[in-house]
1. What's the center-to-center distance, using Cα atoms, between the range A:10-30 and the range A:230-270 in Å?
2. What nm value, rounded to one decimal, do you get for the distance between A:PHE360 and B:PHE23 when each label is placed 7 Å out toward the C-beta?
3. If you keep only loop residues by DSSP, which chymotrypsin sites (Phe, Trp or Tyr not before Pro) in the range A:16-80 have at most 15 other Cβ atoms within 10 Å of their Cβ?
4. Whose amide H sits under 5 Å from the amide H of A:LEU326, counting only residues 5 or more places off or on another chain, with H placed in the peptide plane?
5. In nm, to one decimal, how far is the modelled label at B:LEU30 from the one at B:SER71, with both set 7 Å along Cα→Cβ?
6. From the backbone phi of the range B:70-87, what are the Karplus-calculated ³J(HN,Hα) couplings (6.51 cos²θ - 1.76 cosθ + 1.60, θ = phi - 60°) in whole Hz, Gly and Pro given as x?
7. For every helix of n ≥ 4 consecutive DSSP H residues, a contribution of -39,500 (n - 2.57) applies; sum these over the protein assembly as shown, divide by its total residues, and give [θ] at 222 nm rounded to the nearest 500 deg cm²/dmol.
8. Report the full-extension gain for the segment A:LYS64 to A:GLU340: residue separation times 0.36 nm, less the Cα-Cα distance, to one decimal in nm.
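Any read-out appearing in this document is the output of simple, stated calculations on the displayed coordinates, not a laboratory observation. None of these values were measured; they are calculated from a predicted model. Positions of Cβ are backbone-derived with ideal geometry, glycine not excepted, and every protein chain shown enters the neighbour counts.
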Amino acid sequence: MKKKQNFIQRFFFSVFIFFLAVPLIFIYVPIRNLIKLFQRFFFRMESKENSYHGTNKILKHLDKYFIGYTDQAHKNRTFIYFLLPSMSAFCIFVITPFIMGIYFSMTNWSGLNTGHVTFVGLANYAGLLNDAQFFYSFFRTVIYSALNIVVINVVAFGLAILVTQKLKLTNIYRAGFFMPNLIGGLVLGYIWQFIYNNAITSLGGPFAVSILAAGGNEHAMLALIIVITWQYAGYIMMIYIAAIQNVPQDLIEASTIDGANAVQRLRHITFPLVAQAFTVSLFLTLVTSFKQYDTIVSLTKGGPPQLMPSWIQNLYSLGQTPVKSLNLMAINIYNTAFVEYKMGTGQAKAIIFFIVLLGFSLLQVHYNKKKEVEL
Amino acid sequence: MSKKRVTALMFEILALLLLIVFFMPFLIILINAGKTSQEIINTPIALPSHLVQYYINVKNIFTNDNVKYFSGFLNSFIITSVSLIAIGVFSGMAAWVLVRTKTKYSYLIFMFFLSGMVIPFQVVMLPLVRLLELMGNFTGIQFKDTYYGVILAYIGFGAPLSIFLFHGFIKSIPLDIEEAAIIDGCTKPQLFFQIILPILKPIFVTLLVLNGMWIWNDYLLPVLIIGVNGKTRTLPLSVANLAGSYVREWDLILTSVVLAALPVIVLFLFAQKHIIKGMTSGAIK
């Protein structure tokens, strides 16, 4: 019992020392070093490197671990100096908003600076259970992500296999397939909006009606998947190329001598050895699909209107409700916050979004890790 | 032998065809950037009839007050280049001490950074805006619509991935080099900046490409921190502003789209060899 208390005491003591040390390291130590330099330069004084010999426990710790001349203190100081720039930026711009967000999701914050923010507990989350639009967005996001992940990875893997054959213009192909990835989400949407609405419709015949305007079906999602595949497949292809190049050539040769054909080689040698690349690519495509925002906005402004599927209407006992076919979660969050001015609800949606994404990615990585083979 | 050759030829043709399909959208946009609005609506697939129209369209964009192309380009350039270098150097420093200090604290801090990779921007964007307002009111230093505000935000959001990639790379650098340098009287900062940083070049290039594409093209973070009418607004915001004001004027929209994408594509074509090599050398894993 006594030992445990001791440990807790020591822990809090070291945390206290650490917070005391950081300002000292950034103010006291540089000034002291400057003075020493000055003395050495102008007065030829050899500065003494004394350590603290008093009895004050706090000063003793500070001297030994942070501001003195011991090896440990030097090491710790370097550690803090080198870590602090990215650490502070990361804490201020990512971690603090994240923690604030958990609090805001439990308030009725409107986003307008009215000064009235009241704590409402889990009411926002409870409200989401009755929000048919949000459930619809969630449902559409899952469908879209699943389709998108499959299409992108199949295309990217195919391209990677193709350009790792011994071709004459390999480098040009690689650069060419990668190039759409240089175009940003917003600009990409405008380009394809023009292609779908003007270039393709001008061909006439079956193409006369734009794929984006045709409401009440899955065409808009298909259009979006084509756009994202065009953009993203080249990047995922690079990851597969890196993995395929690492497959040892002698394994391939040995299997050829043993009489394996191209499909068997792919199935039994290449696939297991690039499994790690699959894990990474699936993770990246999953996250990108879920976060898709700017391309949808500039491509279709949320998609053509259609009726909510009848099973969702029945689930929430609604009448016929209009929805937008590409109102995915990221768009729903943005609109709730900045169009309807319900920041609290929007933030609660964002937290749900985070938990869902985290769950899916952990599941995916866990499942895929099992399939990886170590050489 | 001949069968092998036929297969090789088939692959070559297939790749070439796919490349043409991949380039079709570029081509359509490029030919339409040189037409008048009426021509685009009537004949979107034909070649431009008067090449001088390219010049007129580009001049229209350069002089358009909704775009302010040059200031947008300059802002994008400053924000992207400073952020890239800062992310690279700071993340490299952090990753290096995290690898070389083998304590449980450094492992915990590394895990803490990694946890940032699974936080999507949508989750932090609403509180971030509020936080920046609060910080502006509290300290008197405005973080919204300023270069350093955006750049600091990019350092924070770029840190997890960059530290993760650097961490993996630095682990493979032999410790002997550093020990030899320490014996020769190198201080820790000298060691990092003069010896480690040059070794990190391949992964540094990869990160420049990944982060560069992200920052140059980013829309959601600038629209929240800078705003569509901010004085430090970037190129994607300019394009969005233009497309919002001239809904059906495709000649203006397409030309601005081409001009927004052109700088990155030109840069890519020049550095293409290094980029492809950096990306496929196994650095991204």
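1. Using only Cα atoms to place each centre, the spacing works out to 53 Å.
2. Here the answer is 3.5 nm between the modelled labels.
3. On the way: sites: A:PHE16, A:PHE18, A:PHE19, A:PHE26, A:TYR28, A:PHE38, A:PHE41, A:PHE42, A:PHE43, A:TYR52, A:TYR65, A:PHE66, A:TYR69, A:PHE79; in loops: A:TYR52, A:TYR69.
Hits after loop and neighbour filter: A:TYR52, A:TYR69.
4. Excluding prolines and chain starts, which carry no amide H, the hits are A:GLY303.
5. Label at B:LEU30, label at B:SER71, 3.2 nm between them.
6. Taking θ as phi minus 60°, the curve returns 5, 5, x, 4, 4, 4, 4, 5, 4, 4, 5, 5, 5, 4, 4, 5, 5, 4 Hz for the range B:70-87.
7. On the way: 29 runs with 449 residues, N = 660.
So the calculated ellipticity at 222 nm is -22500 deg cm²/dmol.
8. Numbers: separation 276, 0.36 × 276 = 99.36 nm, distance 5.64 nm.
Net length gain for the segment: 93.7 nm.
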